[in-house]
Amino acid sequence: MKNSSTTQFLLEDKLFEVIDPGKPLTESDIKTFEAKIGIRLPSQLRHFYLRWNGGLPCPIDIPDDKSAWVRLHWTKEAEASEGRGGVTFSGLFEINSTPGLDFLCTWHDFKNNIPTDCIGFGRNSGSSLYLIGIKEYNLGKIFFWESSYQADIAEGEIPSYDNIAFVANSFTEFLIALREEPDEGESLEDWVQRVYEK
């Protein structure tokens, strides 16, 4: 429910509600997590975790019975792009949580399946992930990793960007880009034009 001011925040004049945030974290909790994965979280994402620890940051103008979606930008060659101009955002993983939602467990489960210059921080309604860049050249950029087109690690394939779409230049830009799901029967192409290209 979107009615508690304690879980609301304003971002570039847009009001958000954080649905089901995790147990509050301390700076020490974040540092312990970062030491375990050997990665310092990009600053905007790190700040969000210190305040909310996961959950679903959702624009308040999206009705309770609708889901949050975001547009995807694929390369022309990407096989995974077909019919995927947008996708749901179901929320961020939590630090020190239960399996299935826990950031560390998910990192262990997927670290060999995604490129080494990213880390998965959130999910869609299926088994695909939202990634954030962790290297100097892609730091803080947001991507979407489509799991059904992943590299076959057992066959010696190396994870690449063939099944990864660009989403946003920063975590803040990603949140601002969230929109209400497409209408029933609406094509993703029409949805993109309606909600992003007004």
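The values are calculated or read from the model by the stated rules, or taken from the named source; none is laboratory data. The structure presented is a predicted model; accordingly, all values stated were derived computationally and were not measured. So basically every Cβ, Gly included, is an ideal-geometry build from the backbone, and we count neighbours across all protein chains shown.
How many residues are within 22 Å of the chain's Cα centre (by Cα), surrounded by 13 or more Cβ atoms within 10 Å (Cβ to Cβ) and not aliphatic (A, V, I, L, M) if we restrict to the range 170-193?
Number of matching residues: 10.
Exactly one condition in (1) closer than 24 Å to Pro42 by Cβ; (2) exposed (fewer than 12 other Cβ atoms within 10 Å of the Cβ); (3) at pLDDT below 95 is false for Ser147; which is it?
(2)
Only one of (1) touching a residue at least 60 places away in the same chain (Cβ under 8 Å); (2) of a type outside the set (Phe, Trp, Tyr); (3) more than 30 Å from Glu197 (Cα to Cα); (4) crowded, with 18+ Cβ neighbours inside 10 Å is not met by Asn53, so which one is it?
The one condition Asn53 does not meet is (1).
Since Thr26 meets every condition but one in (1) surrounded by 13 or more Cβ atoms within 10 Å (Cβ to Cβ); (2) modelled with pLDDT of 95 or more; (3) β-branched (Val, Ile, Thr), which condition does it not meet?
(1)
Going through Leu72, Leu131, Leu92, Leu101 one at a time, which residue ends up being free of Cβ contacts under 8 Å to residues at least 40 places away in the same chain and either surrounded by 12 or more Cβ atoms within 10 Å (Cβ to Cβ) or among the aromatic types (Phe, Trp, Tyr) (or both)? Steps first, answer last, please.
Details: Leu72 fails: free of Cβ contacts under 8 Å to residues at least 40 places away in the same chain; Leu92 fails: free of Cβ contacts under 8 Å to residues at least 40 places away in the same chain; Leu101 fails: free of Cβ contacts under 8 Å to residues at least 40 places away in the same chain.
None of the other options fit; the residue is Leu131.
Failed condition for Pro59, given (1) without any contact (Cβ under 8 Å) to a residue 12 or more places away in the chain; (2) farther than 17 Å from Glu146 by Cβ, with all others met?
Of (1) without any contact (Cβ under 8 Å) to a residue 12 or more places away in the chain; (2) farther than 17 Å from Glu146 by Cβ, only one is false for Pro59: (1).
Per-residue answers, yes or no, for (1) free of Cβ contacts under 8 Å to residues at least 24 places away in the same chain; (2) polar (S, T, N, Q); (3) within 24 Å of Lys23 (Cα to Cα):
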residue	(1), (2), (3)
Cys105	yes, no, yes
Pro115	no, no, no
Lys141	no, no, no
Glu157	yes, no, no
Ala165	no, no, no
Ser170	no, yes, no
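Just to be sure I understand, how many residues within the range 180-194 are assigned to a helix (DSSP H, G or I) and in contact with a Gly (Cβ under 9 Å, 6 or more places away or on another chain)?
Residues of the range 180-194 assigned to a helix (DSSP H, G or I): 188-194.
Restricting the remaining residues to those that are in contact with a Gly (Cβ under 9 Å, 6 or more places away or on another chain) gives 188-189, 191-192.
Of the residues in that region, 4 qualify.
What single numbered condition from (1) free of Cβ contacts under 8 Å to residues at least 24 places away in the same chain; (2) charged (D, E, K, R); (3) in contact with a Phe, Trp or Tyr (Cβ under 6 Å, 6 or more places away or on another chain) fails to hold for Glu181?
For Glu181, the exception is condition (1).
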